[in-house]
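Working notes for the structure below.
Please treat every number below as a calculation from the coordinates, not as lab data. None of these values were measured; they are calculated from a predicted model. Every residue, glycine among them, receives a Cβ derived from its backbone with ideal geometry; neighbour counts consider all protein chains shown.
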There are 2 protein chains.
Amino acid sequence: MDTPEPADGLAVTDRTRLRRHDREGSHERADLYEVLDAGFVCHLGLQTPDGPMVLPTSYGRHGDRLYLHGSVASRSLRAALDRVPMCVTVTHVDGVVVARSVFEHALNYRSAIIYGTPGVLTEPEDKRAGMHAIAEQIAPGQWGYAREPSDEELAVTTVLVLPLEEASVKVRTGPPLDGGGPDADRPVWAGEIPLRTVRLEPRPDPSLRGQVPLPPHLAGPGVAGGAPPWTPTG
Amino acid sequence: MDTPEPADGLAVTDRTRLRRHDREGSHERADLYEVLDAGFVCHLGLQTPDGPMVLPTSYGRHGDRLYLHGSVASRSLRAALDRVPMCVTVTHVDGVVVARSVFEHALNYRSAIIYGTPGVLTEPEDKRAGMHAIAEQIAPGQWGYAREPSDEELAVTTVLVLPLEEASVKVRTGPPLDGGGPDADRPVWAGEIPLRTVRLEPRPDPSLRGQVPLPPHLAGPGVAGGAPPWTPTG
């Protein structure tokens, strides 16, 4: 790479450079990994002959590589996914920031924007590693519990790998910013309404045969992070 | 438009045409609106001179128009946002589908992918309408309660408007699909782990002066949809 990269950080380029008001922006790898590890769905953007396209898809991080499930793309597009520039964005909305003026309303969030040129994996063992990373990101513990992919299944699965080199992270937390300004005396409520993604009670497949208990790895808070609001029974 | 459009539907083009296995895809306006109205953050994709870029931003739907908060873009990019092709994607992840084989794992979700060429609003009244739509999408009732934007605030706000003409909607619900296949006899749990975004207890701004009660419109389930897990006290 011909762009500067701190020893423990990510490449700072024109498009990842943080602006003055991004006070909580970061180019640290640890911050990037924290945002990525807290989710499992990204929005993958690329330019097609018909224009820009943004596809939601699942991902898994393993070390400094991001694996992307490419089968969400149409069959015609899948062939064109290899070695084209992409942008992958992961966003967690943590709350609504309610201010004294509409102008100061905001969202609390964590987001990562990653740039790079992913490759489509072709070797079965590479694809297997990618599916492993994606499966474990979504539901840790399922690999080795559910049946692993067969060679035939690997052959029809499209997995992309993106090196984590050029990225920026932004985080907003806390109350609105107009508590010290001219609107502070208005008799209106201001603050945060925190949002969180939670798991509800698992729903067994109606076609399950016999009594199969929920395994411990699915009963814990692993899926989607955060503690479940229901009482694990598995 | 030179593309076919059913009376109550959206343009079906090569890029929005649903594929055979998209059994729960739709081009109906009502389905599009339902997905859009259930959220307030989209991922906006466009091609820049440096490559594709995907930005998370807030939006508001009003009739057949989608207003997008463009101030999330860098200052240099904002000038280039007008009349360029974009793709706007809204995704709700409703659950993790746990199957008997890793290959059949899936997500339950609702997503809308919209294509078009938004315009940057320039007239103050148009911008005001856009901010109104965005504010009401995020926190219904805040417009008219919090102070409305001043002319100066409107001047420094970037709002885009995108006509809702070309879009596709996809929805996946239900259990995994391998309950009737050769893996059905495996003694492993299968089913859904539903996910939901919930509100937590509102956090008043520590700099609030005096006792300002939470207004009823913020105490209800309006923000982020869904019922709150906390007991409204406003």
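Is the C-alpha gyration tensor of segment B:6-135 telling us rounded, prolate or oblate? Criteria: a/c under 1.5 is rounded; beyond that, a/b larger than b/c is prolate, otherwise oblate.
Prolate, because a/c is 1.5 or more and a/b exceeds b/c.
GNM, chain A, Cα, under 10 Å: largest mean-square fluctuation among A:L55, A:L36, A:L214?
A:L214
Set Lys and Arg Cβ to +1 and Asp and Glu Cβ to -1, take the dipole of segment B:85-163 about its Cα centre, and tell me which of B:L160, B:C87, B:L107 lies farthest positive.
Value computed over the given set: B:L107.
Taking each residue in B:81-94, count the Cβ atoms of any other chain within 10 Å of its Cβ, then average. What number comes out?
Going residue by residue through B:81-94 and averaging, the value is 4.
Taking a spot 7 Å from the Cα of B:R78 along the direction of its beta carbon, which residues of segment B:152-193 have an amide N less than 17 Å from it?
B:152-161
At 7 angstrom along the Cα-to-beta-carbon line, where would the label on B:E148 sit relative to the other copies? Give the distances in nm, shortest first.
6.4
Measure nothing fancy, just the Cα-based angle from helix A:124-138's long axis to the longest principal axis of chain A, in degrees from 0 to 90, nearest 10.
Helix A:124-138 sits roughly 40 degrees off the main axis of chain A.
Pull out a ≥ b ≥ c, the square roots of the eigenvalues of the alpha-carbon gyration tensor of chain B, then state rounded if a/c is under 1.5, prolate if not and a/b is larger than b/c, and oblate in the remaining case.
oblate
Which residues in segment B:61-96 place their backbone N less than 18 Å from a point set 7 Å from the Cα of B:E148 along the Cα-to-Cβ direction?
In segment B:61-96, the label zone of B:E148 (backbone N under 18 Å from the point 7 Å along Cα→Cβ) covers B:62.
So for each of A:105-112, A:167-174 I average, over its residues, the number of other beta carbons within 10 Å; can you give me the resulting order with the highest mean first?
So the peptides A:105-112, A:167-174, ranked by packing, come out A:105-112, A:167-174.
Bins of 10 Å, beginning at zero and ending with the bin holding the largest distance: percent of Cα pairs per bin for segment B:74-168, please.
In whole percents, the pair-distance histogram is 13, 31, 29, 16, 8, 2.
Counting only residues 5 or more places away or on other chains, whose amide H sits under 5 Å from the amide H of B:L10 once H atoms are built in the peptide plane?
The answer is B:R29.
State, to one decimal in nm and shortest first, how far the label point of B:E34 sits from each corresponding label point in the other identical copies (label point: 7 angstrom along Cα-to-Cβ).
In ascending order, 3.9 nm.
Determine the shape class of segment A:61-115: with a ≥ b ≥ c the square roots of the Cα gyration tensor eigenvalues, call it rounded for a/c under 1.5, and otherwise prolate if a/b is greater than b/c, oblate otherwise.
Here segment A:61-115 falls in the prolate category.
Per residue of A:64-71, what is the mean number of Cβ atoms on other protein chains within 10 angstrom of that residue's Cβ?
0
Taking amide H positions as placed 1.01 Å from N in the peptide plane, with prolines and chain starts having none, which residues 5 or more places from A:V96, or on another chain, fall under 5 Å of its amide H?
For A:V96, the qualifying residues are A:N108, A:I193, A:L195.
Can you grab the distance from the C-alpha centre of segment B:15-89 to the C-alpha centre of segment B:190-222, Å, no decimals?
26 Å
Using a label point 7 Å beyond Cα on the Cα-Cβ vector, give me the inter-copy distances for B:P213 in nanometres, one decimal, shortest first.
4.9
Given springs between every Cα pair under 10 Å in a Gaussian network model of chain B, which of B:S207, B:S71, B:S101 has the largest fluctuation?
Of B:S207, B:S71, B:S101, the Gaussian network model singles out B:S207 as fluctuating most.
Describe numerically, in nm with one decimal, the distance between label points set 7 Å from Cα along Cα→Cβ at B:R203 and at B:A155.
3.5 nm
Along the charge dipole of the protein assembly as shown, pointing to its positive end and built from +1/-1 on Cβ of Lys, Arg, Asp and Glu, which listed residue (A:Y145, B:P52, A:P202) has its Cα farthest out?
Selected residue: A:P202.
Which whole-number percentage describes the relative contact order of chain B, with Cα contacts under 8 Å and a sequence gap of 6 or more?
RCO, chain B: 24 percent.
Which of B:Y59, B:Y145, B:Y33 ends up with the largest GNM mean-square fluctuation for chain B, with Cα atoms connected below 10 Å?
B:Y145
Other chains near B:39-51: what is the mean number of their Cβ atoms within 10 Å of each residue's Cβ?
Per residue, the average neighbour count from other chains is 6.
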